[in-house]
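The values are calculated or read from the model by the stated rules, or taken from the named source; none is laboratory data. Not measured: the values here are computed from a predicted model. Note that each Cβ is placed from the backbone with ideal geometry, even for glycine, and that neighbours are counted across all protein chains shown. All accessible areas refer to the heavy atoms of the entire protein, side chains included, with ligands and DNA or RNA removed. Shrake-Rupley method; radii C 1.70, N 1.55, O 1.52, S 1.80 Å.
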Amino acid sequence: GEYVFYVCSDDQGQFFLSNTDSRQTEELRVTNNLSGRRLWTEGARSDPIFLERGKRYWFRGLFKEGHVGDHFAVAWQPPGQRPPKDGARPIPGLFLSPAEE
């Protein structure tokens, strides 16, 4: 189904996602410039992205900190669900695994 990804960061953040489990196909999906911690309505979001059940996808997040208050988080809106509310937790760890180099 189609997922939407949300990024909150201080100061600048980027979220990359591949359409495979390889970094070689990663694409920049979200760029955020300064938002409050887990204030998803202040952050930036992706266009809907189709993900296939059971398939693994490569992703990475980058952020740049100027001074004080650094943070970076990514949340998602799975198919058929509402957007995350402000303060909601980022993507649960049970959906993540370490990258295989």
Filter region 10-47 down to residues that are charged (D, E, K, R), at pLDDT 95 or above and under 26 Å from V68 (Cβ atoms), then give me how many there are.
1
Tell me, yes or no, whether region 37-48 has at least one residue that is part of a strand (DSSP E or B) and either surrounded by fewer than 18 Cβ atoms within 10 Å (Cβ to Cβ) or touching a residue at least 24 places away in the same chain (Cβ under 8 Å) (or both).
yes
Evaluate the following for E100: is it over 15 Å from V4 (Cα atoms) and either open to solvent by 60 Å² or more (accessible area, probe 1.4 Å) or basic (K, R) (or both)?
yes
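Taking the condition of being open to solvent by 60 Å² or more (accessible area, probe 1.4 Å) and either touching a Ser or Thr at 6+ places or on another chain (Cβ under 8 Å) or not in a loop (DSSP other than H, G, I, E, B) (or both), how many residues in region 84-95 meet it? Talk me through it step by step, then tell me what you get.
Step one: filter region 84-95 for residues open to solvent by 60 Å² or more (accessible area, probe 1.4 Å), giving 85-86, 89, 94-95.
With the extra rule that they be either touching a Ser or Thr at 6+ places or on another chain (Cβ under 8 Å) or not in a loop (DSSP other than H, G, I, E, B) (or both), the set shrinks to 86, 94-95.
So the count comes out to 3.
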Within region 60-81, restricting attention to residues that are outside any strand (DSSP E or B) and of a type in the set (G, A, S), which residue is farthest from Y3 (Cα to Cα)?
G66
